[in-house]
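Encoded as structure tokens, the structure appears first; notes follow it.
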Amino acid sequence: MRGTSSRASYPLNRPTPPGTQRRGVLGGAVLLAIGAAFLLPPLGVPNAGAYLFVALGIAFGTAWWVGGRRQYVYLVPACVLIGFGLGLVTPALFDLPADTAGPVFLGMLAAGLGAVFVLAPARRAPLLLAGVLAVVAIADLFLQIDLVPLALQPYFVPVVLIIVGAYLLVEPRVG
């Protein structure tokens, strides 16, 4: 005989009963991130604009973590934006030579995409893109070879971001 209880257990893949569904957190998290990032310049934080990307990444990460269903469409921007922001912040934070800023930036972006794979190993496309970015960064940093021609370098990161965005739009949902 089934026990009667007023409290039911609902797995993550099943909708929760009406009135108890969790509220989305992305909107609030993004506004908190933007507000916090805009507080940094008046506080005298150097390179404060770069922290906006980290803050937005944390907002998406919060939405991914707290949202209940761990939606991949929040995980990817979380990791990419955190990697992007840390790539901008790290050279200044550690007072690295100017010629290392590009490779460090690409390396952090690659690490962000690698984190996507670590957290969602069923999806391998981000790992492929992370590998490409890591090879370009390593070749530039250690071998002093520009794998991306100088004329195309201003377009490289925007194209990478466009590819990631397009991937999210067409990537099928994994059960």
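Some observations on this one:
- The slack in the chain from ILE34 to VAL66, taken as 0.36 nm per residue of separation less the alpha-carbon distance, amounts to 9.6 nm.
- Charge tally in the Cβ shell below 14 Å around GLN153, where Lys, Arg are +1 and Asp, Glu are -1, GLN153 excluded: -3
- Rounded to 0.05, the FRET efficiency of the ASN47 and ILE138 pair, given R0 = 22 Å and the Cβ-Cβ distance, is 0.35.
- Relative to the Cα centre, the charge distribution of region 26-169, modelled as +1 at Lys and Arg Cβ and -1 at Asp and Glu Cβ, gives a dipole magnitude of about 640 debye.
- FRET efficiency estimate (nearest 0.05) - Cβ-Cβ, ALA166 to ALA98, R0 30 angstrom: 0.40
- Mean Cα-pair separation over length for region 26-169, i.e. relative contact order, pairs under 8 Å, 6 or more apart, %: 16
Throughout, read-outs are computed from the coordinates displayed, never taken from laboratory work. It should be emphasised that the depicted structure is a prediction, and the values quoted were computed from it without experimental measurement. Positions of Cβ are backbone-derived with ideal geometry, glycine not excepted, and every protein chain shown enters the neighbour counts.
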